[in-house]
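Taken together, the values in this text are just the output of simple stated rules run on the coordinates, not laboratory data. Given the structure is predicted, the values throughout are model-derived calculations rather than measurements. Cβ: placed from backbone, ideal geometry, glycine included. Neighbour counts: every protein chain shown.
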Amino acid sequence: MLKIKVERGKRCIKITINEHKPVVEFNLISEEPKPSFEILGNELLSSLGEQQVKIKIVEEKEKIIITKKIGIKEIILGFGEKALPLNKRRSRLVFWNYDNYNYSWYSDPLYISIPFGIFVNENKAIGIFLNTPAFCIADLGLKEYDEAVFEIHDNSLEFYIIFGPKIEDVLKTYFEITGKPFLPPSWALGYQISRYSYFPQEYVIEIAKEFLKEIPLNAIYLDIDYMEDYKIFTWNESRFPNPKEMISKLHELGVKVITIIDPYIKIQKDYAIYEEAKEFSVLNKNKEAYTMKGWPGECIIPDFFNKETREWWAKKIKEFVEEYSIDGIWLDMNEPSVFNDIKSIREMFNDADKEYLISRLNEIVFFNKPLKPSIRMINFKPEHFYDRSVDPNALHRLDDGRLVEHRYVRNAYPYFQAKATFETLKSLLKRPFILSRSGYPGIQKYAGVWTGDISSTWEDLKLTISMLLNLSISGLTFCGSDIGGFVGRADYELIARWHQACAFMPLFRLHKDKGASEAEIYNLPSKYKKIIKEAIELRYKFLPYLWHLCIKAHLEGEPIIRPLCYDFQEEVECFYIEDEYLVGPYLLFAPIIEKGKEEREVYLPSDDWFDFWNGNIIQGGKYIKTNVSMPIFIRKNSAIPIKKGLLIFGEGEWDIYHGEDCKKTKIIFKNNILKQLYAEMDINEIIVLGRKLYSKDVKTLINNLGTKIIIENKINNIELFNF
């Protein structure tokens, strides 16, 4: 018989089934308003204000089934990294961290598992968050037209129901439960470059210099080929004979260095890291070190679920970063991914769905496009995804001494790895920077993420925007993609448009596979080089705004980028816009993402908008056409910090975060009078858009602030912004 315990928190309730002991523990904020609840058999009814939700809970053999009715017009958002449109209605989602190389639309599952969704019905939002790292499925009106059915492959569970009514309310409460996003170093907002792989060391320095001749460059990544035989915490001495000197020279150029670290530890007797790591390894069912295949060949992986392993890992990271003056850590393959051979795959599938196995063999051997859309319709089983996973029977030791099988904890593996890495970097760096391929709810406290090994196609550029917006409103605010796509040979126009499309994304990183096309700016035709340079220069002008939004995300729990429906929830049309995005609440960006197009249609939500390029003021709530290369619109009553300046459109009061010490300045602009309170901002010009001021007011502003005031009804060209 089900044992159900309910606890009330701020705007949410926490439900514990069968005395579940969570692997990842989160906070329940005990503040008002608190929902009420009632348990009637296996049904739970909860309400807050005008919102009410009913959940049915059923226990099956080794499964918990949760069911919620969905309305005819209900929209379902979130659920993290999914290769799907914004609205997840009529889809079946799998949560199992999975190395899905060369994925595209409808591939599932992917690298990150975030079982947190937002349901919007009749303009009221409710969140459901399953705190389980076990295999689970969310069937969102696919099998049963009027139901969302969650299938958790465990015999106990902790989950949360979060009340709005706004999407913003749900997300803020989710952040209070799981933790607010980390604050990256400000340099991490600049342009970063990577390839699998840049070497030898003299080439790495020359590559950085070639970039710097053309554009700003903040960081360069070193992929796995910098290691000796792919052994972590080592250097390939033939390729990198003096890594300290190389890193020092890059630092002199103003370029940070980020090194990849995989979880694989090569089994080799004279390899000191392996000798140390044996006692911290994941175990097999015989309680011996579990062995598997990864980049180094036969290897073991650390068991991050216990404190002793995390402390050992932290020590190794600290030693490596300190010795070589490394600026950031890139955690890859940390689903964790396993290189199983065909024999072991067949053994793991055993008597499982043979037809499904056959459908996967071509992908396994040749890395063709995985998981065609039709496959999404099958009855998923955990064993369908064991081909790149640790043995589900492998054992992890938790901090409380429990030994738990991998099948019940897999999705939290990257969370604990990132936690250990972040906590040691805090002792070395003012603001640690970690980029993780895999993740679980709460990882936003420790790391940024990117969307993994996506294909280099125009369709996948469109998919990238949808995925990043989904990640952002699922709590992973510092996110980005491999600019240009990782896999395949993209045409030059696609590379240029991908740079434009990601110009306001939090992470702005170029990354390519070994066999992928040239994407480095110094190897591109002049036509496309010009487009990319302009996109990068524009991003750097708006870096103060992105930095303000990063601080705000860290302190207040808000997404940096967001779909239009986040700020315009009452406007139904905004839920269907997937090729535009808001940067904070004040800037709307509508990139051109179709081959050969020089113009596009843009939907502007209901407000007044200032066209950044021609100065027109447009009343929203409608579609318009534009023929500029990077359509940007500024929302009325906004203030946007830019490089050495401030854009103001309309009137209002704004708290603006700025500077390395995260100062907050209140700007008030009303009745032609501007005031700056608290800390002074580093601005030379204030640009008031779309209105005229009297000369006496300009004189007063100059006297009070020592800044140049530009009053413009029309912006003719970008030169106005070259401060």
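Tabulated data
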{"quantity": "Percent of C-alpha pairs per 10 Å bin, the stretch 61-142, short to long", "calculated": "17, 51, 28, 5"}
{"quantity": "For the stretch 489-608, alpha-carbon Rg over 2.2 N^0.38 Å", "calculated": "1.18"}
{"quantity": "The chain: relative contact order as a whole-number percent, Cα under 8 Å and 6+ apart", "calculated": "12"}
{"quantity": "Kirkwood-type radius of the stretch 4-178, with distances r between different C-alpha atoms, in Å", "calculated": "16.3"}
{"quantity": "Most to least packed among 266-272, 70-76 [average Cβ atoms within 10 Å]", "calculated": "70-76, 266-272"}
{"quantity": "Shape parameters for the stretch 82-224, alpha-carbon atoms, Rg then Dmax in Å", "calculated": "20.6, 61"}
{"quantity": "Distance from the stretch 242-295 to the stretch 482-532 (C-alpha centre basis), Å", "calculated": "30"}
{"quantity": "Counted charge near Lys166, where neighbours are those whose Cβ lies closer than 11 Å (Asp, Glu -1; Lys, Arg +1)", "calculated": "-1"}
{"quantity": "Farthest toward positive dipole pole in the stretch 1-149 [+1 Lys/Arg, -1 Asp/Glu at C-beta], among Ile17, Tyr101, Pro33", "calculated": "Pro33"}
{"quantity": "Distance cut-off 37 Å, percentage of C-alpha pairs in the chain lying past it", "calculated": "39"}
{"quantity": "The chain, helix-only ellipticity at 222 nm - DSSP H runs n ≥ 4, -39,500 (n - 2.57), divided by all residues, nearest 500", "calculated": "-7000 deg cm²/dmol"}
{"quantity": "Proximal charge balance of Pro185 [Cβ under 15 Å; K/R count +1, D/E count -1]", "calculated": "+2"}
{"quantity": "Globularity index of the stretch 395-479, i.e. its alpha-carbon radius of gyration over 2.2 N^0.38 Å", "calculated": "1.30"}
{"quantity": "Cysteines without a disulfide-compatible neighbour (Cβ-Cβ under 4.7 Å), the chain", "calculated": "Cys12, Cys136, Cys299, Cys479, Cys502, Cys550, Cys662"}
{"quantity": "Rg/Rh ratio calculated on Cα atoms of the stretch 267-324 (Kirkwood radius)", "calculated": "0.99"}
